[in-house]
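The structure appears right after this line, and notes come after that.
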Amino acid sequence: MGVSGCGKTTLARKLVRVLQASFIEGDDHHSAESRDKMCKGIALSDRDREPWLDILANRLTSAPGAAVLSCSALKRSYRDRLRGRVSGVKFVFLEIALPEAVARVSGRTDHEFPATLVADQFDTLESPVGEAHVLHLSAMWDHEDNVREVIRWLSTIHCN
């Protein structure tokens, strides 16, 4: 989880391979209306995100075996909505600075999320640091190092 440009999808895809899990790309499940808003540079509201979060929760609970979801989950209420619907859900928070996130999103050619909305995501973000079952990583670290750290963290959670 984290703002656009932090590397959620990249990390998720790498974890899927290591964990032999199902992959759920949150961006693929936005409504047509939400996609249209984002393409026009209009930030999504809580009301826009609620049905989307429910769809993602349904995908997680219906996935065979382990699943990895790439999803912004910017507010605690969004994470709590997922927690309430998905038993044992855990979050990896990829933290990134605003200038770096804007640069990454600006460099994309295959994504509908415009760089003009990145600052809004930072305004919306409620840091999950300190919440239960959240691992905090830097988006600036090497992807492979982050994968190893997630695997190590998951193994310690399962042992407790």
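A few remarks follow.
- Criterion: farther than 23 Å from GLU131 by Cα and in contact with a Gly (Cβ under 8 Å, 6 or more places away or on another chain) - qualifying residue of VAL16, VAL105: VAL105
- For segment 88-127, filtered to residues that are assigned to a loop (DSSP other than H, G, I, E, B) and of a type in the set (A, V, I, L, M, F, W, C), the residue that is farthest from VAL147 (Cα to Cα) is PHE113.
- Checked against the criterion of being within 13 Å of the chain's Cα centre (by Cα) and small (Gly, Ala, Ser), the candidates SER127, SER77 yield just one match: SER127.
- Test: residue in segment 75-93 that is touching an Asp or Glu at 6+ places or on another chain (Cβ under 6 Å) and either hydrophobic (A, V, I, L, M, F, W, C) or in contact (Cβ under 8 Å) with a residue 24 or more places away in the chain (or both): yes
- Of note, GLU131 satisfies the criterion of being part of a loop (DSSP other than H, G, I, E, B), at pLDDT 95 or above and surrounded by fewer than 18 Cβ atoms within 10 Å (Cβ to Cβ).
- Just one of the numbered conditions (1) without any contact (Cβ under 8 Å) to a residue 60 or more places away in the chain; (2) surrounded by 19 or more Cβ atoms within 10 Å (Cβ to Cβ); (3) over 24 Å from SER22 (Cα atoms) is not true of ILE96: (1).
- Pairs with Cβ under 6 Å, 6+ apart, first in segment 1-27 and without any contact (Cβ under 8 Å) to a residue 60 or more places away in the chain, second of a type in the set (Lys, Arg) and part of a helix (DSSP H, G or I): ILE24/ARG59
- Verdict on LYS8 being of a type in the set (Lys, Arg) and under 17 Å from the mean Cα position of the chain (by Cα): yes
- Residue within segment 72-87 that is closer than 22 Å to VAL147 by Cα, among the charged types (D, E, K, R), at pLDDT 95 or above and part of a loop (DSSP other than H, G, I, E, B) present: no
- Selection status of GLU149, assigned to a helix (DSSP H, G or I), modelled with pLDDT of 95 or more, of a type outside the set (S, T, N, Q) and closer than 16 Å to LEU15 by Cα: yes
- Residue in segment 27-77 that is nearest to LEU117 (Cα to Cα), counting only those that are in contact with a strand residue (DSSP E or B) (Cβ under 8 Å, 6 or more places away or on another chain) and of a type in the set (Gly, Ala, Ser): ALA73
The values are calculated or read from the model by the stated rules, or taken from the named source; none is laboratory data. This one's a predicted model, so the numbers in the text were calculated from it and none came from an experiment. Neighbour counts run over all protein chains shown; Cβ positions are idealised from the backbone, glycine included.
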